[in-house]
Structures are given as C-alpha cells and as structure tokens.
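None of the figures in this text is laboratory data; all of them are computed from the coordinates on show. Fair warning: this is a prediction, and the values are worked out from it, not measured in the lab. Positions of Cβ are backbone-derived with ideal geometry, glycine not excepted, and every protein chain shown enters the neighbour counts.
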Amino acid sequence: MPLRLGRQTAFRLEPTGDPLYEHRLILPDDPAGWLVLSYTADALAPPRRPMLRVVRQTGETQDAVLPGPALGRALWLGLIPQDTAAILLSLGPDTILERVGRRSAAGIVAECFIRRPGHAVAAIYERAMGQARRSRDTLRGGVAVSPLRRFAAWSAGRGIPFHGGGRRHAIACLVLARRGDDAALARTLRSLAAQKEAPARIGVAWDEAPPTGMDAIRWDPHAHPASLAGGADALCLLRAGDELAADALALLSARLGDGEFAYADSLSEDGTPRLKPDWSQDLALATGYAGRPALVATSLLARLPRTGLGPHSTADLALDIAVAAACDQAVHVARPLARVADRRNPNERTPLLRHGLRAAGIPASAREVAGVTDLLWPLPDTKPLVSIVIPSRDRIDLIRPICHGVLNATEYPALELIVVDNGSTDPAVLRFYDELRREPRARILPFPQPFNFAAMVNAGVAAAAGEIVVLLNNDIAVREPGWLGELVRQALRPGVGAVGAKLLFGDGTLQHAGVVIGLGGRAGHILRRRPADTPGHLGRLRVAHEVSAVTAACLAVSAEKYRAVGGFDAEAFPVDFNDVDFCLRLAAAGWKTIWTPAATLSHFESVSRGPSVGAKRARFEAEAARFVERWGAVIRHDPFYHPALSLTTFGEDLE
C-alpha cells in the first residue's frame, strides 16, 4: 500500500541566507501536525537526502534526515510540533519540493493499525507514558516504512524516467545465451531494441555452436576482455532473460562520464530489489555485487589481465571480480534499471569467486574464509605486537572476564593489555588489578581525571607499544580464539583505517554490524536485534566489507594511522560519537573502514555506564548537535547505505 499523500495545502519557499538550510517552508496556517512532503530530483544529481529543521518557540531545534529521491521522487511523513516557530529545509540545487500534504493524527493511527497493528499499540502506549518522540517515530515506522518485499507497491508513483543529458558513449551489448534460451533471449533483445539510447552493437555469445542462421558468436573463454567491446567505448554484458528499462543504457552512459565503470540497481526475476551501495571494492571482490546492468569502459577492459574470462557459465561474475580488482572508483546509479535473470546455484559461489580472482590476475588458493579475506590479506609469518586498550572503572563482573578472554582465550600470540582505570574503588577490582600486575603482558594505567571516554582511549594508545591498537569496552566478552587475528589482518592493509567486529547481545542477536551515518538522525547500528546469522541485503553480513564507521566497543587500527588523525576528539565528543567521528576523519584522510564477521564477540552494551537520562541526556544531545554540524554532508548520504532505505528503522526497509 503506497503512503497516502493527504490533503494538499498551499506552500511557498523563502530563502534564508543560511548556507545549510537555504529555504524556509511557509504554510498558510498553523504548521503543527502531520505533513507529507513530496519532492523530486534529476537522475544525474549527486545522491543527497534533504534535511528538515524544526525551530521551536523556545529556540530548540529538531533535525530530520529525509529519504533520498532515488527513483526520481520521494515522500516524507513527519510530525511538526505544536510550538513550531519555523520549518527550515535543506534541499540543495537539484531537489524540487513539489507538494505538501496534511494528514490527521487519527488517520495516521488508523493507517498504522491497518499496516502494522503492533506499531500502533506501541505508539499509543508510548504516548501515554509521556514518550512523545518515541511514539512519533513508532508511528512513522508503521506508516511510512515498507519492507523490501513490498518494493513494487512502494515504488508506484516514485519512478521518473531519465530524459537525457550527460555524455553519450558507443555501447556494445553482448548477451550470454545457451541452448533453450530462445524465449529468454527474445525478451532481452526486445528490451535492447526499445532503448532510448540505441547500442552501437548487439551480439549474442553462445556456450556452444550458435544456432544455424543466427548472426552470433561462440564464446571464447580465452579472449581478452577488451575484445568483447568490438571497438565500442564501453561494454554491457548481459545474460539471456535480462530485461533493461528503456532508459537504462542512456542513464548508465551519462554516468559513465564520471568514471570507467557504471552500475545500477536491479530487480530479480520475482521482483525482489537489489539496492546496491556506492562503490565498495571489498564487497565487490567478495560477492561481485555490482552485477548487471553495468557499463565497463574499454579503457578499463584493456587493463585487465589477458587470461580471458573463462567458461561461459561464469563469465559475468569473472568480469565483475576482475573489474573490482582493477577499479578503485566506480559510479553507482541508485535506481533499478533491469530485471535480471539469475539461475546460478548459490553453492557455486566459492569456485566462481576463485575463477574471478584468477581472471583478475590474483592468485587464488584453495582456502576461503569470510569472502576473500584469507586469499588477499594473509597474516604475516611474524605477527606484529597488538596493544589492547580497555577503559574501565570498577565492575569486577565485567573487567575480570574480558581480561581473562584476552589473555587466556585468544590465540593471537603477540599482544599486550592496557587497562585504563578511571578511579576504581571496588576492593574486588583492586585485588584483581594486583593479580593482573603479575602478568607480564598486562598493565594498569591510572586515569584519575573526570570521566571522558575519548581521553581515556587516547591515554591508553599513547602508552601502547604495539603496531596495531585494539580498543575494547569492558563489557565485551571473547567468544572464539581467532577474533584478534581477523581484526589484525584487515588493520595491516595499507588502505584500511578502522576495523570493526561482529558484536552480539547476550541473547545472541546482532548488536553491531556496522554503523550507518544518518540512521536515527545522526548515526546508528544497522539491523540491531536481528538473528545472529542474518545475511543482510545482498548477503553483505556474510563477508568483510566497507562501512562508514564501526563502534569503539571493538575497533582495531594501526597506531600510526590513529596518531596521524589525532586520535579521538576528547573535547567535542568526550562520551558519544567519538568513534564515528574518528572513522569519518580516517576516511577524510584516505583510509576506509572495514567491518568483518570473521571476528565475533559478545557486547553487553553500555551496562557499565547506564542509561542516558537527565544531565547525561543533555550531554548526549549536545554531542549529537556537534556531530550533525561537523558531518552534515555525510549524514545526507552514507555511501554504503542506499538512499531509498529508511533512516527511521534499524532494518533495511524502504521509506
């Protein structure tokens, strides 16, 4: 069921002169209540989520990050408070607000009961308990958010065709076909004939002798990839049964002008969307996620190894992985441009991956753990020293188990443990410290100043002797012995900054699978409370891949890179957001952040700190405001989280 737009109301936008919130939304009457905003953006515009700020009569502000117009049009449902003095909008030059609708509170609750009754009951209860903000977000999640399986209904009315623009390229389309693919091939060829930008060449490559009378070729597994383009500017490799949207080649061609590889989202044969992140080389090497449809510039094809792409049945995946190995930057078109046929057996993934790596000129051994981790980034024979820094105060029930886990249940041989103690007074903890001092690999570093988590971490790293530093909370528990080696192999990579682990709550559900910037309005953990074996969209939680940030509850980084960016910002973010800010500063310096499921630990989240209420809550909100001010541009587009996905819920839902 699509989101109801409500009663249309007149509006106008006034310029504010503010560099971020450039418009003020003026309505003819009291703005309070539920609003539905509808807005559009050009297909060639950079992906940016609009932002809305409510200025209350007290001077307090509330910010909201809106859905990105990934298909051309987006809708946002929000509740404007009673004491609103102004509504400010940050749209940017490429987004147009086309409609404002009003919805009644009763109508929202009724629709929530129809869509998600549990959300409606929870929202009413939260409202009765005085939790107005939580009630609002629960209703929004029940009405404005849809699961991925409802993509067809959600996308109705949101798609705006591409009307041209950008650079055009001569495109060669090569369709891989097999005997018996006649009907599927006919569908693919019809979609190519209907393209707004006609391809310069269309060929069909068969896995055996071509059918009599058909102008086609037999697949040559040893042919150099560049020869497949036949002199065109770019290659589009398809399989029989793929059906391109009419504007697919035109839009991909226009975006290819910004790089050598352009890929788009797709739908499976049953209509399930594959909403891909922006370029994620690790994910591409591990899974070949970019897939079809895509354009590969001939200049990039020419740089691939001369080993060919191998068998007809695996040629598309081999090309994906070969391109991933050779391409540092790629362009993502964040809208589905094809319905893609895929009859491949998932059990074939490992041999296909190995062949793709060989096609890319990367030696592939027989061992594969967590994607391509062991294949591409092995641990050195001489293991570097790792310094494990644990900030702590009291809580013998926490500090004893984690120290035991590090020292006695971790197989990595070269480590030192530094406990940064913030004035413990518990006699049991002090006795434990006396025991710990007799362990040659452990030290207690006193930190007698007022609690400042970031400053404690900085002090611990300053005292560290290791080449690699691992930050651990005292409420972490070791689950398996190989966790540290998996973090170290990633942290040793030259292009990697921070590395995070898969963390589970005490009940075994997901606590940390990477941080999405903008989630919850600032930053949040994706897929919290889902089952531990949740694969994630595109199966990315099964492999190591790039994310925008990871939590400092378990974070590995080389000491050199830590110091290069100045460590944690203890002044701006003494307690919260310091880890996310740190990862984003590493990214600004050219180092990516990696999350890996190969290192799995337990995290009893923040049990040593307690809930943020009263003065703690005020401090949290102040740090959150500083985070939004510093990283507003990233909040508007986390490159590893699709702009159509919701920032309201912590799942991978549509909004």
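The Kirkwood hydrodynamic radius of the stretch 390-465, based on inverse pair distances between different Cα atoms, is 12.7 Å.
The GluC sites (Glu not before Pro) of the stretch 530-575 that meet both conditions, a loop assignment by DSSP and at most 11 other Cβ atoms within 10 Å of the site Cβ, are GLU571.
Counting lysine pairs in the chain that sit 8 or more residues apart in sequence, or on different chains, and whose Cα atoms lie under 27 Å apart gives 9. Rounded if a/c is under 1.5, else prolate if a/b is larger than b/c, else oblate: which is the stretch 7-155, with a ≥ b ≥ c the root eigenvalues of its Cα gyration tensor? Oblate, since a/c reaches 1.5 and b/c is not below a/b.
Averaging the sequence gap over all C-alpha pairs within less than 8 Å and six or more residues apart, then dividing by the number of residues, gives the stretch 384-635 a relative contact order of 23 percent.
Which listed residue (ALA170, ALA194, LEU238) has the Cα farthest towards the positive end of the charge dipole for the stretch 148-288, taking +1 on Lys and Arg C-beta and -1 on Asp and Glu C-beta about the Cα centre? Of the options given, the answer is ALA194. Which shape class applies to the stretch 384-635: rounded if a/c is under 1.5, otherwise prolate when a/b exceeds b/c and oblate if not, where a ≥ b ≥ c are the square roots of the Cα gyration tensor eigenvalues? Rounded, because the longest to shortest axis ratio a/c is under 1.5. Per residue, the average separation of C-alpha pairs within less than 8 Å and at least 6 apart gives the chain a relative contact order of 12 percent. Loop-located GluC sites (Glu not before Pro) in the stretch 411-520 (DSSP state other than H, G, I, E, B) with a sparse environment of at most 13 neighbouring Cβ atoms within 10 Å: GLU411. For the chain, the share of DSSP beta bridges that are antiparallel, to the nearest 5, is 60%. Across the stretch 7-155, the relative contact order, built from alpha-carbon pairs under 8 Å that are at least six residues apart, equals 26 percent. According to the square roots a ≥ b ≥ c of the eigenvalues of the Cα gyration tensor, what is the shape class of the stretch 39-110, taking rounded for a/c under 1.5, prolate for a/b larger than b/c otherwise, and oblate for the remainder? It comes out oblate by the Cα gyration axes. Of the trypsin sites (Lys or Arg not before Pro) in the stretch 179-255, the ones in a loop by DSSP (not H, G, I, E or B) with at most 11 other beta carbons within 10 Å are ARG179.
Rounded to the nearest Å, what's the spacing between the alpha carbon centres of the stretch 427-499 and the stretch 272-295? Just the number, please. A separation of 35 Å, based on Cα centres.
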